[in-house]
Each structure stands twice: as structure tokens, then as C-alpha cells.
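Beneath this line is the structure, given in C-alpha cells, with notes to follow.
The values are calculated or read from the model by the stated rules, or taken from the named source; none is laboratory data. What you see is a predicted model, and the numbers here were worked out from it, not measured in a lab. Ideal geometry is used to build each Cβ from the backbone, glycine not excepted, and the neighbour counts take in all protein chains shown. We work out accessible area using only protein heavy atoms, side chains counted, and drop any ligands, DNA or RNA first. Shrake-Rupley method; radii C 1.70, N 1.55, O 1.52, S 1.80 Å.
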Amino acid sequence: MGKRVRMPGNGAPSEGLKRVDPEAIDTIVAAHAGHEGALLPVLREVQEVVGYLPEWALKRVALGLGLSLSRVYGVATFYSLFTTKPKGQYVIRVCESAPCHVQGAQEVINALMRELGVGFGETTPDGRFTLEAVSCLGTCGVAPAVMIGDRVYGNLTPETVLTVLEEYS
Amino acid sequence: MRMFRAHVLVCAGGSCSLKANRAVQERLVSEVEKRGLSDEIKVVETGCFGLCEQGPTVVVYPEGVLYCKVTPDDVPELVDEHLLKGRFVERLLYQEEPAAGGAAAYQKIPEMDFFRGQVRIVLRNCGLIDPESIEEYIGSGGYQALGKALAKMTPAQVVDEVKASGLRGRGGAGFPTGLKWEFASNAKGDVKYIVCNADEGEPGTFKDRLILEGDPHAVLEGMVLTGYAVGARKGYVYIRGEYGLSIERLEQAIHQAREQGFLGSDIFGSGFDFDVEVRVGAGAYVCGEETALLESLEGNRGEPRIKPPYPAQVGLFGKPTVINNVETLANVAPIISNGANWFRGYGTERCPGTKVFTLTGDIVNEGLIEVPMGITLREVIFGIGGGIRGGRQFKMAQTGGTAGGCLSAELLDVPMDYDELSTVGSALGSGALLILDDTHCIVDVAHVFARFFEHESCGKCTPCREGTMRLSEIMARISAGEACQGDLENLEALARTMSMASLCPLGQSAPLPLTSTLKYFRDEFDAHINDKQCPVGTCRSLAHRAALVTTGKEE
Ligand SMILES: Cc1cc2nc3c(=O)[nH]c(=O)nc-3n(C[C@H](O)[C@H](O)[C@H](O)COP(=O)(O)O)c2cc1C
Ligand code: FES
């Protein structure tokens, strides 16, 4: 957070990603228009539909809600659950906070990096997994914890985390 | 209501859900059906019972037998033995001393060390009722406080009762709740808001999630009461996006409460209107800070505002707003039902009531507990917590999460409440307790604390943005054995500047975990700096770690 980012994309939906009808965005905007504080819920839904928040979608949101693009872009890049870049099919979010750290999160991270051959912020060449380091997921009772998609896995070891990965291959 | 001979409660708190509890529950239902017992035995999915490390847990009533680490394959035996023949399955019974060998003896739940020291006000229903059933909440006394307030009390009386109870905010800062309500109640304007802060992001804290998963109506009832007290008609719950099950259960509870007339217009025919909307966060620790949360609710970047004005005067959309934590709100209905004096019967003079703690680290019973304020760390760790895992030596406890302070063994007998912990340079904070044994290097852990703040600083004010980065750099050098002369002095100077000059408590409290570890474990820092050695021997891996890029969507 707080760092400057270059605006990615050239404004058109990228090749190879799911094609989304730009009007789907207008529908989302229309459902929220007039509600105060609508920008976050709108961006959430747009990301659900498009998979990420490309420039063309942000422009459309800005236009629809009558906000400046810079305002919309500022919000889209502030929050860690929003992404302006496409990610892998499954995002693996590994908790790096202290309670997980002291229960062996680093070994779990090492195992994941070895297995997937990627570092934090990177996506496997087959586009399946993106590995991310995150702060506490709120499941520290079963530390160390990892979230894949919207599922949480706890009490992981370097061995069990690989078994978990198999569920996704 | 049908009468059942036995109730089988399966913990469906998120922690257990991740341990295949769904499979256990499904298997229970099918095995019970197979034996034609469906009319006699009811399988209920409950919220968290507290013993996360022991999950999935199953409790069988009326006996109150607690089974731990149940797998789907254990279910047929459990049904045959316990539910048909009335014999306990000894190998699955909860054991106070794990790995003691042999089967455990049956203990009544209230007699177990884990539960004996607990007082459950906030968690009154967690693990005991089906959180997806409003009938069960009502059946256990739910919405009676609301009925009482609307029928017999003026809004001012509700404020006064909460003021008299001495309830203080459980989100971290410990501000007197009644006073906050009074400010908002006195503020001019006919549009006011109630916001429930469920953005829980403090590392080591998962109480709000388990309260919302285990008893969502308790929080809703608290919100409606707050709305009545201050004259608000609309409430928002701001909940972090990762808490899928909480969001689901809360949405469902809101729907049920509307159907039953506990939310909506003219509640109980009193003429009072109140409704609640759920807003889902998008991942930013700083949004737990109340003014950043308001910014986020308004659709902006979650950057804290300068205070004053306080939210009670100028809050959401510029209107007077009460922001309370989930746990604070869950305390409200019991206070209204039982009165301020009853509440003051628990806890300490200046911090009445209970506190929910989440136990993590090297402790036997990792999980969720609720105890009277003022309990000592020793009682929590060695009583309820079951001691240090593997019989090892206690080394350090961090209270209040990563933004809290660290305590060494000499301070095990400090009573834990907001005031006492701050006098020893720590904080009660959200109630997270991280317990470490002697196999951990304090410098390594302190480095993790520093990295957390570097990552989570929102970047709005310079002392915090630059300070958290420099603190993290210094800690990386120390733990890699590359510290330069003056690093510790710089760290201390930076800590002073940050705590004085940062805009919000994120930057103000970021140095606390470092200065407090430095205070109690200076020799370990010195060993890394002067002797280039890690006495515990865990810091080698960090050289490799530091070389990796930490994530971020931003490069
Ligand atoms: C960085 C930061 C994070 C915070 N996170 C939370 C949080 O997750 N939940 C919460 O209730 N309060 C959090 N707080 C405290 C809130 O600012 C606020 O004091 C609290 O919500 C007020 O409610 P209470 O009086 O009921 O505690 C945080 C504060 C700071 C500075
Ligand atoms: S610290 Fe990892 S989930 Fe909380």
C-alpha cells in the first residue's frame, strides 16, 4: 500500500482472459447508483465478473458513477483484495503474521515456493496459481494458515500444504 | 417445538470448518438417520466452542460430553456407542493433558480447567445454539433486552445504564461506551448512524469472527439497542472480506430479524425504526481504525481522518456516528437485561465485565476464551490455557496483537485490563495473546512485527510511512547479523518520533512491540548486534527471506 503504481493495460480486455460484455459493468453500476459509498461494492462486483479490475472497467465505473478516474483508480489500488492485474486461477494467500510465523509459516512458504517455482506476487506459468503474502487471516487458532480462493486451510506443515495443493490440480 | 432425547452439537466455527467438520456433521446426520434415530436425536451446527486446536469438536447433550478431533470415520462408533448404548467413546474424549497416554476420563464441561475459569457473557450462546436459527436465540433469552428497552426505558435511560455499567470499548482503545453514546446522542442532527466494526485484522485476533459466526443476533440486538439509545435509524456492519461465513450468517440473521420485526420500521410497535446493512471490506488493516473505516464506507481509500472532530460529532457522511466493536455490542443486551450492577459484579473497578481473548502460539489450548477483566496472564496461560506446549519454558507473551506490547516472565502476575497493562508498557488491545516458548528468537519475532507495519501503513502521513519502513530495515539488519553502529539508538529515536507524530494509532503504536521487546530482551538484541549471533539459532533463514520480494499488488 501507499506505493505508486503504473496504470496497466491498454484499455481493452486482454486476450486469453474471459471476455466480458462492457455492459455488464453498467448493470452493476446501475444497481448501486444513488447509494452513498457505492464505489467499493461496485468494484467488488466488477472484479467478480471480470476477474480483475482492468483500466477499461475502471473507466466505465468512473463514468457510470460520475467520479474521476483517478478517484476510482486510487480506491482500486488501495485495497489488497482488489487487483488491477490479472492473477492466476487460484490465488494462494499465505499468512505471514506473527502467530502463523511462530508456528512454522516460513517452512510452509518455502514448500509452496519450491513446489510452484514462483515467489510472492508471481503466477505459475500455467496460470493456475498466484502466490501472495498477506497479513493475518483471522484463523490463527489453527496457525499456520493459508487461503486458497475463498477457502482457508489451517494447521499446515510443509507436507500437508502440498496435499492441499493436489485438490487444485 | 419437538422434544429430542439428545442434541449433538458440531462446531461449525470457521476454524473447525477448515478441518472437515462439514464431513463430520453430514456423517452424523446420515448415521443417525440410518439407525432411525432422527426423531430422537438432533444434530446441530453451532458456532465456535473455543477449543480451535482440538477441532472438529462434537458435544453431546444432555450429558455434556465433549469429543475432540473427531473424524468422519469416528462417527459410526460415536453413534453406536454413545447415542445407542449410552457409553462414552473414551478415546475421543477431551483430555486436559494431551499425550498423557491412555484414555481420558469423562469430565463435565464446566469442570474442565478450560471452562472453569471462564465467564461467558459475550459468548453466552456460542457453541450452544444453532446460530442460523433465530428461534434458538430467542429461546435463550434473545431480544428480551430490546423488548425491555423499547417498552420500559427512554433512550436516555439506556445510555445511562450502559454508562453506569462501566463498559469500555473492546475494539482496542477501551473508550467508555456509554460516554461515546452520550456524545452522539447529544450531537445535533436527526440523521445519525451506528457502525459495527467487524474489520478484525489485528494479527492473532479472531474473536469477532467467532462471535459473528456463533451468535450473530447478539451483535444485531446490540446494534438496535445502540440505535435506540442515540437516536439512529440506520446501522452498518463493516466486515472484512475474508470472513465469508460471518458475512453469510449475519446476512441471514438480518433477514430473520426483519421477518420477526426486530429490524425494520416500528419495532415492537414502539414507533422506532432501525435497519442494518452489511458492507464488506476489501482488505486493509488500517480500515479497522474508525475514521479510516468511515472513509472506506463512504467509498474512498481507507485513510484515517484527523481527529477531532470525533465520529460522534462528525462521522459517516458527516453525520454523528457511533462506532463500536463487535464484542462491545454483544455486551449491550445482557447489560440492559441484567442491569449495570450485575455487570459490575465481574472484572475490575475501572474495567468491569469480561474480555474475550484469543490464545495463539505455544499454548496447549489454542482458541477462544472469555474471562473476567483483571485475570492474570499466569491464570490464563497455566490455568485455562493448559500451559506451554510440550512442557517447555515460557519466554514471552504479547498482549493486544501485533500492535500490543511484549511481556516477559516477571510480569506474568500483572492483572490484565486496559489500565494495568498500559502501566507496564503493554496494551490489552483486541485481546489477542501470543505466547512464545524458549525456542523462539525474540529478534526474529520483532522483525516480523516490524514487517507487518511496513506492509500495513496506509502511507498518508510521513512519520508512519517512512518510519515503519525504516524500523523494518533496521530489524532486518539486526536479525541478519548486519546491524551497524547506532542502529538501536536510531530505532529508539524513530520510535519516539513515530509515537508522537503519526496521524493515527497505527503509526503511534507500531514501535510498541519493538520497544517493549527491547526493554525485556535487550541481551538478545545485543547478541545479534555485537556478537553477530542468534542465541536461539533461528535467524539464519532470514537472510534468504529478506532477499525475496514481499508481495503487494503494487510492485
Ligand atoms: C490500525 C487500527 C486498527 C484497528 N482495528 C480495529 C478492528 O479491527 N476492530 C475494532 O473494533 N477496532 C479496531 N480499531 C479501533 C477502532 O479505531 C475503534 O477504536 C473501535 O472500533 C471503537 O469501538 P469500541 O469503542 O467498541 O472498541 C483499530 C484501530 C487502529 C488504530
Ligand atoms: S496470524 Fe495467521 S491467520 Fe492470524
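Listed values, structure above:
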item	result
Failed condition for residue B:142, given (1) open to solvent by less than 10 Å² (accessible area, probe 1.4 Å); (2) within 16 Å of ligand 1 (Cβ to nearest atom); (3) touching a residue at least 40 places away in the same chain (Cβ under 8 Å)	(2)
All positions within segment B:299-341 that are over 18 Å from residue B:181 (Cβ atoms) and within 14 Å of another protein chain (Cβ to nearest Cβ)	B:299, B:300, B:301, B:302, B:303, B:304, B:317, B:318
Considering residues of segment A:120-134 that are touching a helix residue (DSSP H, G or I) at 6+ places or on another chain (Cβ under 7 Å) and not polar (S, T, N, Q) only, the residue surrounded by the most Cβ atoms within 10 Å (Cβ to Cβ)	A:131
Residues within segment B:315-333 that are in a helix (DSSP H, G or I) and open to solvent by 10 Å² or more (accessible area, probe 1.4 Å), tallied	2
Segment B:44-98: number of residues that are touching an Asp or Glu at 6+ places or on another chain (Cβ under 7 Å), in contact (Cβ under 8 Å) with a residue 40 or more places away in the chain and closer than 30 Å to residue B:137 by Cβ	9
Segment B:202-217, subset at negative phi and assigned to a loop (DSSP other than H, G, I, E, B), residue nearest to ligand 2 (Cβ to nearest atom)	B:203
Unmet criterion (only one of (1) crowded, with 17+ Cβ neighbours inside 10 Å; (2) in contact with a helix residue (DSSP H, G or I) (Cβ under 7 Å, 6 or more places away or on another chain); (3) not in a helix (DSSP H, G or I)) for residue B:87	(1)
Whichever residue in segment A:27-47 is open to solvent by 40 Å² or more (accessible area, probe 1.4 Å) and within 28 Å of residue A:88 (Cβ to Cβ) and, among such residues, is nearest to the other protein chains (Cβ to nearest Cβ)	A:44
All positions within segment B:495-511 that are touching a residue at least 40 places away in the same chain (Cβ under 8 Å) and either in contact with a Cys (Cβ under 7 Å, 6 or more places away or on another chain) or surrounded by 24 or more Cβ atoms within 10 Å (Cβ to Cβ) (or both)	B:502, B:503, B:506, B:507, B:510, B:511
Checklist (1) open to solvent by less than 10 Å² (accessible area, probe 1.4 Å); (2) away from every other protein chain (no Cβ under 14 Å) applied to residue B:164, failing item	(1)
Residues satisfying the stated conditions in segment A:48-66, i.e. free of Cβ contacts under 8 Å to residues at least 24 places away in the same chain and either surrounded by 19 or more Cβ atoms within 10 Å (Cβ to Cβ) or touching a helix residue (DSSP H, G or I) at 6+ places or on another chain (Cβ under 7 Å) (or both)	A:62
Selection from segment B:446-471 of residues that are touching an Asp or Glu at 6+ places or on another chain (Cβ under 7 Å), within 16 Å of residue B:490 (Cβ to Cβ) and open to solvent by 10 Å² or more (accessible area, probe 1.4 Å)	B:469
Those residues of segment B:337-359 which are away from ligand 1 (no atom under 16 Å from the Cβ) and surrounded by 24 or more Cβ atoms within 10 Å (Cβ to Cβ), in sequence order	B:359
Residues of segment B:334-380 classified as in a helix (DSSP H, G or I) and within 16 Å of ligand 2 (Cβ to nearest atom), total	0
Test result for residue A:33, small (Gly, Ala, Ser), in the same structural domain as residue A:150 (by TED's automatic domain parsing) and more than 16 Å from ligand 1 (Cβ to nearest atom)	no
Which listed residue is small (Gly, Ala, Ser), more than 18 Å from the chain's Cα centre (by Cα) and modelled with pLDDT of 95 or more, from B:261, B:204, B:288, B:222	B:261
Filtered residue count, segment B:25-84, keeping only those that are part of a loop (DSSP other than H, G, I, E, B) and hydrophobic (A, V, I, L, M, F, W, C)	6
Among residues of segment B:152-169, those that are touching a helix residue (DSSP H, G or I) at 6+ places or on another chain (Cβ under 7 Å) and either under 16 Å from residue B:225 (Cβ atoms) or of a type in the set (S, T, N, Q) (or both), counted	10
Extreme residue, farthest from ligand 2 (Cβ to nearest atom), among residues of segment B:161-172 that are at negative phi and in contact with a Ser or Thr (Cβ under 9 Å, 6 or more places away or on another chain)	B:163
Pick from segment B:433-445, criterion in contact with a strand residue (DSSP E or B) (Cβ under 8 Å, 6 or more places away or on another chain) and assigned to a helix (DSSP H, G or I), ranking: surrounded by the fewest Cβ atoms within 10 Å (Cβ to Cβ)	B:442
Enumeration of residues in segment B:173-201 that are within 16 Å of ligand 2 (Cβ to nearest atom) and either more than 14 Å from chain A (Cβ to nearest Cβ) or part of a strand (DSSP E or B) (or both)	B:198
All positions within segment A:120-161 that are at pLDDT 95 or above, within 16 Å of ligand 1 (Cβ to nearest atom) and not in a loop (DSSP other than H, G, I, E, B)	A:134
Checklist (1) surrounded by fewer than 24 Cβ atoms within 10 Å (Cβ to Cβ); (2) within 7 Å of chain A (Cβ to nearest Cβ) applied to residue B:423, failing item	(2)
Restricting segment B:261-287 to residues that are out of contact with any strand residue (DSSP E or B) (no Cβ under 7 Å at 6 or more places or on another chain), in a helix (DSSP H, G or I) and surrounded by 14 or more Cβ atoms within 10 Å (Cβ to Cβ), the residue that is nearest to the other protein chains (Cβ to nearest Cβ)	B:285
Complete set of residues in segment A:70-119 that are among the aliphatic types (A, V, I, L, M), surrounded by fewer than 21 Cβ atoms within 10 Å (Cβ to Cβ) and assigned to a loop (DSSP other than H, G, I, E, B)	A:81, A:118
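Table: residues versus (1) hydroxyl-bearing (Ser, Thr, Tyr); (2) touching a Leu at 6+ places or on another chain (Cβ under 8 Å).
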| position | (1), (2) |
| --- | --- |
| B:35 | no, yes |
| B:39 | no, no |
| B:52 | no, yes |
| B:64 | no, no |
| B:78 | no, yes |
| B:85 | no, no |
| B:89 | no, yes |
| B:94 | yes, yes |
